[in-house]
Amino acid sequence: MALQLDDVTLVQGDFRLAADLRVAPGARVAVIGPSGAGKSTLLSLIAGFVLPTTGRVLWQGQDLAALRPGQRPVSILFQDQNLFPHLSVAQNVGLGLNPALRLTGADRDAVAAALDRVGLPDMADRRPAELSGGQQGRVALARALLRRRPVLLLDEPFAALGPALKVEMLDLVKDIAAEQGATLLMVSHDPADARRLEGEAILVAEGRAHPPVPAGPLLDRPPPALAAYLGT
Amino acid sequence: MIRPISTLTALLLPVAAAAQDRPVLTVYTYDSFVSDWGPGPQVETAFEAICGCDLVFVAAGDGAELLARLRLEGATTEADVVLGLDSNLTAAATATGLFADHGVTDVDFDMPVVWDDPMFLPYDWGYFAFVYDRTRVAEPPADFPALAASDLKIVIQDPRASTPGLGLLLWVKAAYPDRAAEIWQGLADNILTVTPGWSEAYGLFTEGEADMVLSYTTSPAYHLIAEGDDSKAAASFAEGHYLQVEVAGKIASSAESDLADRFMAFIVTPDFQSVIPETNWMYPAVTPPGGLPAGFETMIAPVQALLYPPGEAEDIRDEALAEWQAALSR
Amino acid sequence: MAGGPVAVTRHLPGLAVAALILALGLGTLAAVLWRGLAEGAGAALGPADLQAIRFTLWQAILSATLSAGLAIPVARAFARRRFPGRAALILLTGAPFILPVIVAVLGLLAVFGRGGLVNGALVWAGLPPVSIYGLQGVVLAHVFFNLPLAVRLILQGWGAIPAERFRLAESLGFGPAEVARHLERPMLRAVLPGVWVAIFVICLSSFAVALTLGGGPRATTVELAIYQAFRFDFDLGRAALLAGVQIALCLGAAALAAGVARPAGFGAGMDRPLPAPGGGVWLRLQDALAIGAAALFLLLPLALVALSGLPGLTQLGPAALAAAGRSLALALASTALCLALALPLADAAARSPFGRWFEAVGLIPLATSSLVLGTGLFLILRGQVAPAQAALPVTMLVNAVMALPFALRAVLPPLRDVQADYGRLAAALDLRGAARWRLLVLPRLRAPIGFSAGLAAALSAGDLGVITLFADGRSETLPLHLYRLMGAYRMEAAMGAALLLTALSLGLFWIFDRGGRHGAATR
């Protein structure tokens, strides 16, 4: 059983995107391609922020069309605006357990444990503005950890981080996805990220999202559209 | 003292206080009649002492709004008596067909005109006049042309929105039937501004913004009697002064017909009439046995009372209004 | 945008509020028109009515343009300067908007009137006096009333530009001209049209101000023509027709503004404090001048009113205090109701694809003739319930609905920002319904909600109880007490009551406004 985009097309004015693909459970998939091709849109289709013009998005054979974004088996991290600035770090993480923030003692322990897991044990009472960019990403990851959704979508949340920090975050994401057996889809414009993920890659180019193939061979022998983007 | 709970109750249940067992007489009137300083409270006490009933005043704006409300309600009105129309409104009020004859006869009115309307019973009256401050205006004008020729600034009320405003319109028209437009053109540069109601105009006057204000010959009596201030006076005009007669009428469909009759009769008795001078600051329709309060004798006595008969006032006001608008819009 | 099956149901509360407003605005108008036709009156507009429409439009355009235009430098000065007493000054300069009309007019006359300070100074200097009466007076008074509203709404727009953008501007070495071009003008483009329309529509239904300062029948407004049709001619058909014209003008202006306005799209910030204000001597001088001139213009009449009210305070009896208590209770109830109506409507306006329609509906109460509204309600409710018994709920509802457009104006732009910045995140976390209000909307909108509540409370406390048809003459509010004192020659006591009323309104405004800004999520 898997995540499947069954003959999906999306038309928004001049923009078109077609996808007919499956992602295996537990897979780690990089979504690569030229900017503006529709990498983020692909994630939005899965997360439910846009509905396909035709075709279906399926999870374990079930059409997701009727489900709101928050009801889907999906957690998503955006490029920015992952945290509410007026809520504390612990509250932001707690939203992952209960959107109404009615937390039990056990929930609070879970929040603390999740913050521990992402390496922010002492930050529970801070406001997001007091954190660095990398720390903000970790808070969002801690929340995703608690939501325990089988699909984790990353829309370049670490794009603004330095190379060492980014590597660190990628490894953390990989570990967490592995622990939870989650399927991971990550948009990136950096081929190194795709290699580092040690999984598959979906190429989005020229109005089409291609089915996932192993990332290493794809990057070693890129098709023309990818080659143009990579500059090889 | 403020008692929050009773205040809240009064707010929530405005009519809950009405006694259950006594008959209720509902009298529609204008707002200033029922205020703490108006005749309402004393009239209510005096009538309830003899009627074995609950007298309930319902206040609705001014006289013209009172009539409009009555027209909206038609025959289903809750009113038993309407008190506060004036002589300029009685023709329209008669036309509604809602009023019955008052049946009060043999009243010896102390009024400058003969009154024999079987439907509307006068309770007070007064003359419109320009009121000024003696300390600021040494020699008041003696007629409209003199006012127009002076540098004095006056505040008047809009005839479309105010009873005194309409009174002035008819005053000029009655004094100068063929020259009203000309008089208004002469007055145009004296008119500082036109206000929606009497209160705004009088406020501008007491704040010193205007030299004279359109009000009543009896207005200085308030300052004299209540404030001990004799600086205010009304200018006596040679053309005569227009009269305002305030009347009450009985609603034909009243469920408390006998009680309404008793109230109509009560209106012209000394118990009602003696309240009028120092609350409404008007002349009572029937001078009470004790005479007028000291101070009223110093008010000017106009040489001539001007008043259109009810039907004529109705017919002439549109023409007079058009003249007024044309003259002041230049 | 998240579509799907829930898209319609989540706007149900907003739809219900919109329906209520339409029923109040247009339903009452229809009731009056219906009755007018039943009376057999031909509803046609004459040349005098057209003249009234022309004058009304002209003065409203002038008043709105001047108020909004003059508010920009004042709001900018307040936005970029920090000085002791700034908060108090912002509060006090807001006062004219909540003053009862006659009080404000007397205050203005004490400064600009025939015997006022300005003419006193002119005569002393050997110059000819100027007259306030006429179009200039009407516009002056409308600017006096509405400049405070414009300043506050625009100031809020400044506050909504994230500090990060100002920091960026500073780091790029932007001067005032560049800041204006890249930050301030886009913000003004988003905020100003709404402000202009709100003031335009307020001035559209002006009656007492326009008449008292207009100097005569030249200054006849549509609202006066409605009043004339009702009480002078008892021509309900014409009254309804004129009221319809007023609403049509309002919606026309709203459509115009919607065409001009562009969302600023600054994106979200991290609620960081603003960088320290910079600028050279000239900029400081310019700001000091703007604040000083506005304060003088707005506060001098206020101070003179307060001064002339002091002696009258001692003449107020228990009735005045009871009336004040009643006004207070009424204001609090109306405020709660106003927020309960405004927030769902704003939410629908911010999130629905038909948001502009919700926004336009929110303007209708401003353009509604209170006379036609009261008469229509009276015609509709009569037979169902005794007018005196309906007095309290009707007054509460009407006050709440009349304050709603201001609440909407204050709440809607920041709500749109919240939706743009955090709508996706909220949807991803399934944050919706009551939890979305509690954890996202209310914390981020504390300041504008507090401001709206303050405005609603102050406006309701200062309201005369427009609906005289429902009045029972006994449960007296403070404004009615004031007018009754005036009507009974007691001008000095009336000025005392005016001072008490001003203090009450301003106090209510201050408490809510401060409560909103204190600990607010955003500046």
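Please work out the FRET efficiency for the pair C:LEU285 and C:GLN136, using the Cβ-Cβ distance as r and a Förster radius of 30 Å; give the result to the nearest 0.05.
Details: r = 29 Å, r/R0 = 0.95.
The value I calculate is 0.55.
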Using each residue's phi in region C:322-332, evaluate 6.51 cos²θ - 1.76 cosθ + 1.60 at θ = phi - 60° and report the 3J(HN,Hα) Karplus result to the nearest Hz, with x for Gly and Pro. 4, 5, 5, x, 5, 4, 4, 4, 5, 5, 5
In the P(r) worked out for region A:86-147, what percent of Cα pairs fall beyond 15 Å? 38
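Could you order peptides B:24-30, C:316-322 by the average number of other Cβ atoms within 10 Å of their residues, highest first?
Output ranking for B:24-30, C:316-322: B:24-30, C:316-322.
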Pull up the cross-link candidates among the aspartates and glutamates for A:LYS174, meaning alpha carbon to alpha carbon under 16 Å and not fewer than 8 places away within one chain. A:ASP155, A:GLU156, A:ASP193, A:GLU198, A:GLU200
Spin-label pair B:ALA149/B:GLU182, simplified geometry with 7 Å Cα→Cβ offset, distance in nm: 1.4
Whether region C:259-367 is rounded, prolate or oblate, judged on the alpha carbon gyration tensor where a/c under 1.5 counts as rounded: oblate
FRET efficiency (B:ASP189, B:VAL114; Cβ distance; R0 45 Å; to 0.05) is 0.70
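Can you compute the helix-only [θ] at 222 nm over chain C? Use -39500 (n - 2.57) per DSSP H run of at least 4 residues, normalise by all residues, nearest 500 deg cm²/dmol. Numbers along the way, then the final one.
Values: 23 runs with 369 residues, N = 523.
Helix-only estimate at 222 nm: -23500 deg cm²/dmol.
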Under the rule that a partner needs its Cβ under 4.7 Å from the first Cβ, which Cys of the protein assembly as shown have none? C:CYS203, C:CYS250, C:CYS338
Antiparallel bridges, percent of DSSP beta bridges restricted to chain B (to nearest 5): 60
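For an R0 of 30 angstrom, estimate the FRET efficiency from the Cβ-Cβ distance between C:LEU117 and B:ALA322 and round to the nearest 0.05. Write down the numbers at each step before the final one.
On the way: r = 39 Å, r/R0 = 1.30.
According to the calculation, E is roughly 0.15.
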Could you list the residues of region C:353-375 with an amide nitrogen less than 14 Å from a label point located 7 Å from the Cα of C:ALA255 in the Cα-to-C-beta direction? C:357, C:360-361
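Please give the length that would be gained between C:ALA16 and C:THR65 if that part of the chain were fully extended, namely 0.36 nm times their separation in residues minus their C-alpha to C-alpha distance (nm, one decimal).
Numbers: separation 49, 0.36 × 49 = 17.64 nm, distance 3.33 nm.
This chain segment gains 14.3 nm when fully extended.
Shape of chain C from its Cα gyration tensor (a ≥ b ≥ c, root eigenvalues): rounded if a/c is under 1.5, otherwise prolate when a/b > b/c, or oblate?
Judged from the Cα gyration tensor, chain C comes out oblate (a/c at least 1.5, b/c at or above a/b).
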Packing-based ranking, highest mean first, of C:294-303, C:231-240, B:290-299 given that Cβ atoms within 10 Å are counted: C:231-240, C:294-303, B:290-299
Mean residue ellipticity (222 nm) of chain B, computed from DSSP H runs ≥ 4 via -39,500 (n - 2.57), nearest 500: -10500 deg cm²/dmol
How big is the antiparallel share of DSSP beta bridges in region A:85-232, given as a percent to the nearest 5? 45
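With both bridge residues required to lie in the protein assembly as shown, what share of the DSSP beta bridges run antiparallel, to the nearest 5%? If you can, show how the numbers build up before the last one.
Working: 44 of 80 bridges.
Of all bridge pairs located within the protein assembly as shown, approximately 55 percent are antiparallel.
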Taking B:LYS153 as the anchor, which lysines have their alpha carbon closer than 20 Å to its alpha carbon, excluding any fewer than eight residues away along the same chain? B:LYS232
Taking 0.36 nm per residue of sequence separation and subtracting the Cα-Cα distance, how much length would be gained by fully extending the chain between A:LEU51 and A:THR104, in nm to one decimal? 15.5 nm
Ratio of the Cα radius of gyration of the protein assembly as shown to 2.2 N^0.38 Å, where N counts its residues: 1.13
Using label points projected 7 Å from each Cα along Cα→Cβ, tell me how many nm separate B:CYS51 and B:ALA255, to one decimal. 1.6
Whole-Hz Karplus couplings 3J(HN,Hα) for region C:200-217, θ = phi - 60° and coefficients 6.51, -1.76, 1.60, Gly and Pro as x, run 4, 6, 4, 6, 4, 9, 5, 9, 5, 5, 4, 6, 5, 9, x, x, x, x
With labels modelled as points extended 7 Å from the Cα through the Cβ direction, what inter-label distance (nm, one decimal) is found for C:LEU296 paired with B:THR76? 6.0
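Starting from the Cα-Cα distance between A:HIS189 and A:GLU206, subtract it from 0.36 nm times their residue separation and give me the gain in nm to one decimal.
On the way: separation 17, 0.36 × 17 = 6.12 nm, distance 1.58 nm.
So the chain would gain 4.5 nm between A:HIS189 and A:GLU206.
Within a 10 angstrom radius of each residue's Cβ in C:390-397, how many Cβ atoms of other chains show up on average? Whole number is fine. Display every interim value, and only then the final one.
Values: counts 1, 3, 4, 1, 0, 1, 0, 0.
Average neighbour count from other chains, rounded to a whole number: 1.
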Cα-based Rg of region C:314-523 per 2.2 N^0.38 Å, rounded to two decimals? 1.15
Which far-off residues, 5 or more places away or on another chain, put their amide H under 5 Å from the one on B:LEU25, with H placed in the peptide plane? B:ASP54, B:LEU55, B:VAL56
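Please compute, for peptide B:57-69, the average count of beta-carbon atoms on other protein chains lying within 10 Å of each residue's beta-carbon. Don't skip to the end; give the middle numbers.
Details: counts 3, 6, 8, 7, 4, 3, 1, 5, 6, 2, 2, 8, 6.
Per residue, the average neighbour count from other chains is 5.
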Taking Cα atoms only, helix A:163-180 is inclined relative to the longest principal axis of chain A by an angle, in degrees rounded to 10, of 90
Once normalised by the length of chain C, the mean sequence separation of its alpha carbon contacts under 8 Å that are 6 or more apart gives a contact order in percent of 24
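Once you average over the residues of A:58-68, how many Cβ atoms of partner chains fall within 10 Å of each Cβ? Please list the in-between numbers first.
Numbers: counts 0, 0, 0, 0, 0, 0, 0, 3, 3, 2, 10.
Average per residue, whole number: 2.
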Does chain B come out rounded, prolate or oblate by the C-alpha gyration tensor, with a ≥ b ≥ c the root eigenvalues, rounded set by a/c under 1.5 and, if not, prolate when a/b is larger than b/c and oblate if not? prolate
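Read-outs: derived from the displayed coordinates by stated rules, not from any lab. No experiment lies behind these values; they were computed from the predicted model shown. Cβ: placed from backbone, ideal geometry, glycine included. Neighbour counts: every protein chain shown.
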